[in-house]
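Asks: One structure coming up, written as structure tokens, with questions to follow.
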Amino acid sequence: MNHIELFSGCGGLSLGLEQSGFELTMANELSPMAAESFAFNFFDENLEKLAAENKRATHTLWLNSNHAELKPRLRENPFTFPAFDEIGTSDIPENISELKGKLVVGSIVELNRLLDANEELTKQLKTAFGSQRGLDLVSGGPPCQSFSMAGLRKRDCDKNTLPWEFAQFVKHTQPKIAMLENVTGILRAFKDEDGNSFHAWYEVAKVFASIGYIPLCLHINARLAGIAQNRPRFIMIAVRFDHFNEIARDFDTANADLFAPSLAFYKLVKKSGSDLPFGHLDYFDATKPIHRSLFEKSFLADLVNGKTVTVRDALDDLKKNFATEPSDFINALNTTFESLPQRNALQNHEYRNNGEIVQRRFRLYQVLQTIGERWVTKAIFTVLKGNALELADDVWAVCGKYKYLQVDGELLPFNSKQEFIEYLRAHPTKKQTQKALVANAPAPAALSIPDDACHYDEHELRVLTVREMARIQSFPDNFVFRSKITTGGQMRKFEVPQYTQVGNAVPPLLGLKLGNCIAQLLR
């Protein structure tokens, strides 16, 4: 089987698909920083080293750049890339077949424009560079939250166009299956600038139906697939109509039940077009018992049959103090993806420096997570944020049972409520989103910057390393993240450092299981 990966990022989904039997036909990514990680892991191509030696990359090609040299390209703002047909430096070869298996750095908008202008490239991608089976899969995760067909016509937002560009690429290349991944927020209704409600996921489904694909829409959660993170996701698996007719003959009852609403929706879109109002298609939710059994009996079973994996399973062997042996989960994870290049030492596990005040605050977060009562957390943060000078007796009754990090570095309880209040007032913060991880549960969904969470162990009063974030996302230890570790300020608008690469990625184990599911629709 083969696939093209759009919005590839550092390569989490590609790694999973590779393990499930897919060969990379081509990948596309906008960010040079994320591309650096992709190249290092999939091509064993060290772009930083090549740049220092003033050499060119052989597997990582720029659609068009402001720079001829590799070094400035690695920090280039991708939103300033020249159009494919403007003056710049392009790596696209005259012999289009040389693009096979390569990563193309550039905008999907410009890539589609290139396909419009280059019939040979379109032909090569459509046939997976001459494969007898043609192109099997195009996958990726374009930002979709603001997408609506009405908004698209106005072209009022760059993000509005990206799902459409994804669909346009699929229309060009005609894979048997297209798979789109997105955050679960896409399932909530949005308002356009005129105050009208629209459902972005439904709009996306209409687009794919309009170009000849039957869209199956799913709400899943990575924790159900055996990943140490409570990570809900929207997945759309769109099957080309003629391929659907071939495979539907062999569907069992569960698979037929899954696709029946999508087939009816497809026919309605063909009749009514983009004006079809909301309400003619629903999504299947793996987190609800009424749909869970359907997942278990169908080609989607791999998405819900994983064992629960906790944060402790993923991280306990990486602790500074009192580290344990790697869990069965970690041993299995590293064995699963052992095809990656072998590394001599564990990388991306540099500890970040947290000041004494921050460490004491982290211990407080750990206690609040252990207590697990929202009313207690709210009362504590009211004092931490300077909005109250007192604390109710019932809050103190709960909090007074625990040990806190004192100024002398010892973990000790407080003798009185007033001592505790003074301690809280001495550690003010405006943040309320930062939490400690819970050792015996999967991690929360939002983990993309160091400040999102601190460690669960009272002897590890610190934020997570990149490697620990990656473990939670099910990246194996041989997968190395490149470029800057983190960024800030205005640079966040276009830089994609290591923490963000991890946070934005599809968990590789989820990619593997999605690949196993799609494989059943291809064989």
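Asks: Assigning unit charges at the beta carbon (Lys, Arg +1; Asp, Glu -1) and nothing else, what dipole magnitude in debye, to the nearest 20, does region 311-500 show about its Cα centre?
Replies: Once rounded to the nearest 20, the dipole reads 760 debye.
Asks: Nearest 0.05, what FRET efficiency do Lys385 and Lys49 give at R0 = 56 Å with Cβ-Cβ as r?
Replies: That pair, Lys385 with Lys49, gives E of 0.75.
Asks: Also, quick follow-up: Hey, what's the per residue convex hull volume over the C-alpha atoms of region 311-500, in cubic angstrom?
Replies: That works out to 136 Å³ per residue.
Asks: Run the numbers for Thr429 and Arg492: contour at 0.36 nm per residue of separation, minus the present Cα-Cα distance, in nm.
Replies: Result for the pair: 20.4 nm of gain on full extension.
Asks: In addition: I'd like the per residue volume of the convex hull spanned by the Cα atoms of region 348-406, given in cubic angstrom.
Replies: Spread over its residues, the Cα hull of region 348-406 gives 116 Å³ apiece.
Asks: Which net charge results for the neighbourhood of Thr335, defined as the other residues with beta-carbon distances under 12 angstrom from its beta-carbon, given Lys and Arg at +1 and Asp and Glu at -1?
Replies: Overall, the nearby charge balance is -3.
Asks: Can you give me the angle between helix 108-117 and the longest principal axis of the chain, using Cα atoms only, in degrees from 0 to 90, rounded to the nearest 10?
Replies: Value to nearest ten degrees: 10.
Asks: Also, I was wondering about something else. Give me the log10 of I(q) over I(0) for the chain at q = 0.08, 0.11 Å⁻¹, as the Debye formula computes it from C-alpha points; what are the numbers?
Replies: Calculated log10 I(q)/I(0) at the listed q: -0.56, -1.01.
Asks: Among Val183, Gln490, Val239, whose Cα lies farthest out toward the positive end of the dipole of the chain, if unit charges sit on the beta carbon of Lys, Arg (+1) and Asp, Glu (-1)?
Replies: Selected residue: Val183.
Asks: A further question on this structure: Provide Phe166, Phe475 in ascending order of the number of other Cβ atoms located within 10 Å of each residue's Cβ, fewest first.
Replies: Phe166, Phe475
Asks: Between Asn77 and Lys288, what length in nm is gained on full extension when 0.36 nm per residue of separation is reduced by their alpha carbon distance?
Replies: 71.7 nm
Asks: Which one, Val304, Asn478, Ser272, is farthest towards the positive end of the dipole of the chain when Lys and Arg carry +1 and Asp and Glu -1 on their Cβ?
Replies: Ranked along the dipole, the leading option is Ser272.
Asks: Run the dipole for the chain about the Cα centre, Lys and Arg Cβ at +1, Asp and Glu Cβ at -1, nothing else charged, and hand back the magnitude in debye, nearest 20.
Replies: The dipole of the chain has a size of about 800 debye.
Asks: Just grab the label-to-label distance for Lys320 and Arg343, each label 7 Å out from Cα along the Cβ direction, in nm (one decimal).
Replies: That separation, rounded to one decimal, is 2.0 nm.
Asks: Which one, Leu464, Leu294, Phe42, is farthest towards the positive end of the dipole of the chain when Lys and Arg carry +1 and Asp and Glu -1 on their Cβ?
Replies: Of the listed residues, the answer is Leu294.
Asks: OK, next. Give me the angle, in degrees from 0 to 90, between the Cα long axis of helix 158-173 and the longest principal axis of the Cα atoms of the chain, rounded to the nearest 10.
Replies: So the helix axis and the longest Cα principal axis differ by about 40 degrees.
Asks: Among the lysines, select those whose C-alpha is under 26 Å from the C-alpha of Lys307, and discard any that sit fewer than 8 residues away in the same chain.
Replies: Partners within reach: Lys288, Lys297, Lys319, Lys435, Lys513.
Asks: Is region 232-374 best put as rounded, prolate or oblate by its Cα gyration tensor, with a ≥ b ≥ c the root eigenvalues, rounded for a/c under 1.5, and otherwise prolate when a/b is larger than b/c, oblate when not?
Replies: It comes out prolate by the Cα gyration axes.
Read the figures in this text as sums done on the coordinates, not as results from a lab. Treat the numbers as computed from the prediction; the structure is a model and nothing was measured. For neighbour counting, all protein chains shown are included, and Cβ atoms are generated from backbone atoms with ideal geometry for every residue, glycine included.
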